[in-house]
Every structure is written in structure tokens, then in C-alpha cells.
Amino acid sequence: MARDLRPKCKLCRRAGMKLFLKGVRCLTEKCAVAKRPTPPGMQRRQRSKPSYYALQLREKQKAKNIYGLLERQFRRFFEIAHKSEGATGQILVQQLERRLDNIVFRSLFALSRSQARQLVRHGFVFIDNRRVDIPSFLVKKDQVVEFRIDEGVKNLIKENIQISEKEKSVPEWISVDNQNYKITIKRLPTKEDLTIPIQEQLIVELYSK
């Protein structure tokens, strides 16, 4: 499985905001965005206003980095959204949020999406009593995501929840049972449910050229 191995903190600095790619580090004073808010690399005098193409490209890169996708994977999600009925941008955001690794992260069971992806790949996750080890699996409304884990992983998830609750909360479109390690999809997510704003229309315009 292909992965983006670039330094995570540099991606946050390039975006100019916390993308929460490094787990607990992003919640402390060690966060690179807090310590060095400037973009990575040699600091040059920038143009006063970026071009419209630059804005479109930055928005796409930000969305890719948030969900940990490479270009080919992200493009596939866009093509599916483009062929679906309805607003392409909204469907794209909905698909990204419905990814299994993202749902595990948003439920506070993992400190980052990369950690959530690891939990899924190790076979701890079941959906409607069926083991699913594909992080990109799109979870549907009313489906139940259940963890079947040993004490070691349970303690890890409990610790993750305690740390995450200080800065974040579970979105309204999912229901979490922390005692039984279950997640229920109450409804499909919308743009308003995002914790990091994404201007999806810029991404649609970029790919539509």
C-alpha cells in the first residue's frame, strides 16, 4: 500500500494550519505550526497575492494531506463524486469523511488518521459482524463499526480518548459507545461537520479544467 512518507509537520506548515497529522504532538507546545508558523524552506519575498490557480492547488493539497491520500487515490474519489448525482464538491467531502480510517479517528479512538489506519489494517475492526481491514472502505448510514481487541489495545484506545477529549469532540453524525468500542453512523456527513474547513469548489474547478 502506497503511503506519503514526507515529514508531517512540514505539510502543516505549508498549509499554514494544524492538520493534526502527528497525533498528540499537535496538541502540545511542540507543534511545528505553533513554533514556526512560516512555510518550510528558504524564506523568500512572496507575491502579495497568490494566483487563483495557486489557491486551487493549495486547497487540493490540503485536502489530500488531511486524509493521507496520494494523487491517484484522491483523483479516484473525485471521479466517483463527479459521476454521482448531486453537487460534486459535497459528494467528494462526504466520501472522504466516510472513509473507515477517518471514522475511527473522528470517534477519538485514534490520535491521528495514520494511527487509525494502522488499527484498521491490523484487523481489529468489524462492520456489521464482518472483518474489514481496508482503510478506504466507505461506511454507510446505519452501519455499526465494532472493535474486537485485547486489553492492550483497549488501554491504548482509552488513553487516546482521554487525550483527544481535551481538544476535540465526536461529530454529530456518528454515535460512539466508548464502553463497548462501537461506532454507529447516524447520518451521512456534510461540509458543516468538518473540523478543518475545505473549499471543495476550488478542488472541483481545478480538476474540471
_Members of region 84-110 found to be more than 11 Å from the chain's Cα centre (by Cα) and farther than 16 Å from ILE203 by Cβ, listed by number_ = GLU85, SER107, LEU108, PHE109, ALA110
*Quick one: PHE126 ticks every box in (1) in contact with a strand residue (DSSP E or B) (Cβ under 8 Å, 6 or more places away or on another chain); (2) modelled with pLDDT of 95 or more; (3) part of a helix (DSSP H, G or I) bar one, so which box is it?*
(3)
_So if I check each of ALA63, ALA110, which one is in contact with a helix residue (DSSP H, G or I) (Cβ under 8 Å, 6 or more places away or on another chain) and more than 20 Å from TYR181 (Cβ to Cβ)?_
ALA63
*asked:* Give all pairs with beta carbons closer than 8 Å in which a residue from region 140-161 that is outside the structural domain of ILE127 (by TED's automatic domain parsing) meets a residue that is surrounded by fewer than 12 Cβ atoms within 10 Å (Cβ to Cβ) and of a type in the set (S, T, N, Q); count only pairs at least 6 apart in sequence or on separate chains.
replied: none
*Report yes if some residue within region 140-154 is touching a His at 6+ places or on another chain (Cβ under 7 Å) and at pLDDT below 95; otherwise report no.*
no
*Could you tell me whether SER136 is among the small types (Gly, Ala, Ser) and out of contact with any strand residue (DSSP E or B) (no Cβ under 6 Å at 6 or more places or on another chain)?*
no
_Tell me whether region 104-113 contains one or more residues that are assigned by TED's automatic domain parsing to the domain that holds GLU172 and more than 20 Å from TRP173 (Cα to Cα)._
no
*Tell me the helices (runs of 4 or more DSSP H) entirely within region 13-117 that contain at least 1 residues that are surrounded by 15 or more Cβ atoms within 10 Å (Cβ to Cβ) and at pLDDT below 90.*
32-35, 52-67
*Quick check, is PRO135 closer than 17 Å to TYR67 by Cα and either surrounded by fewer than 14 Cβ atoms within 10 Å (Cβ to Cβ) or out of contact with any Leu (no Cβ under 8 Å at 6 or more places or on another chain) (or both)?*
no
*Can you tell me which residue within region 185-209, out of those that are hydroxyl-bearing (Ser, Thr, Tyr) and exposed (fewer than 15 other Cβ atoms within 10 Å of the Cβ), is modelled with the lowest pLDDT?*
THR195
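The values are calculated or read from the model by the stated rules, or taken from the named source; none is laboratory data. Because the structure is predicted, anything quoted here is derived from the model rather than measured. For neighbour counting, all protein chains shown are included, and Cβ atoms are generated from backbone atoms with ideal geometry for every residue, glycine included.
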